[in-house]
1. Loop-only check: which trypsin sites (Lys or Arg not before Pro) in region 4-34 are DSSP coil with at most 15 other Cβ within 10 angstrom?
2. By the scheme Lys and Arg +1, Asp and Glu -1, what is the net charge of all other residues having a beta-carbon under 14 Å from that of Ile6?
3. Students often check this: by mean Cβ neighbours within 10 Å, which of 91-102, 36-47 ranks highest, and how do the rest follow?
4. Restricting to DSSP loop positions (anything but H, G, I, E, B) with no more than 12 other Cβ atoms inside 10 Å of their own Cβ, which chymotrypsin sites (Phe, Trp or Tyr not before Pro) remain in region 1-85?
5. I want to check the label-to-label distance for Thr104 and Glu2. Put each point 7 Å from Cα in the C-beta direction and report it in nm to one decimal.
6. Between the DSSP loop rule and a limit of at most 12 other Cβ atoms within 10 Å, which trypsin sites (Lys or Arg not before Pro) in region 46-76 are left?
7. Hey, which lysines would be in cross-link range of Lys98, C-alpha to C-alpha under 28 Å, not counting anything within fewer than 8 residues on its own chain?
8. Given 37 °C and 0.692 mPa s, how large is the Stokes-Einstein diffusion coefficient of the chain in µm²/s, with Rh as the Kirkwood radius over Cα pairs?
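FYI, it's all coordinate maths here, none of it is from the lab. This structure is a prediction, so every number in the text was calculated from the model and none was measured. Ideal geometry is used to build each Cβ from the backbone, glycine not excepted, and the neighbour counts take in all protein chains shown.
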Amino acid sequence: METKAITLRGAQQEVDQWIKTVGVKYFSELTNTAVLMEEVGELARIMAREYGEQSYRKGAEKGNLADEMADVFWVLCCLANQTGIDLEAAFRQNLEKKQTRDATRHLENPKLKP
Ligand SMILES: [Mg+2]
């Protein structure tokens, strides 16, 4: 079965559809901001154990990095929907900024020279 590509706009719409049917309604913007921090923390916990010096407790299950990244993205979509942000347009504008304003910034950073 072929999986259909999901645009950022499509992802926001899918999240909105789920929230309004299965999820009943959106948590408040402030609650979702806290939930976003929780999810970022879960992602950080895995990073610290997989790529950093922290270790898993004996018998503890390994985390699922991809799933935690998806959780972060999910809550970000919720917040974008609640605050009227079109993530696709915002991401395009952000890319544009990086390609113009910041075009040579890292190239000129002496700290990044090999
Ligand atoms: Mg999570």
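1. Passing sites in region 4-34 are Lys4, Lys25.
2. -2
3. Highest to lowest by the protection proxy: 36-47, 91-102.
4. Counting only loop positions with at most 12 other Cβ atoms within 10 Å, the chymotrypsin sites (Phe, Trp or Tyr not before Pro) in region 1-85 are Tyr51.
5. Computed distance between label sites Thr104 and Glu2 equals 4.5 nm.
6. Here the sparse-neighbourhood loop sites are Arg57, Lys58, Lys62.
7. Output for Lys98: Lys111, Lys113.
8. It comes out at roughly 193 µm²/s.
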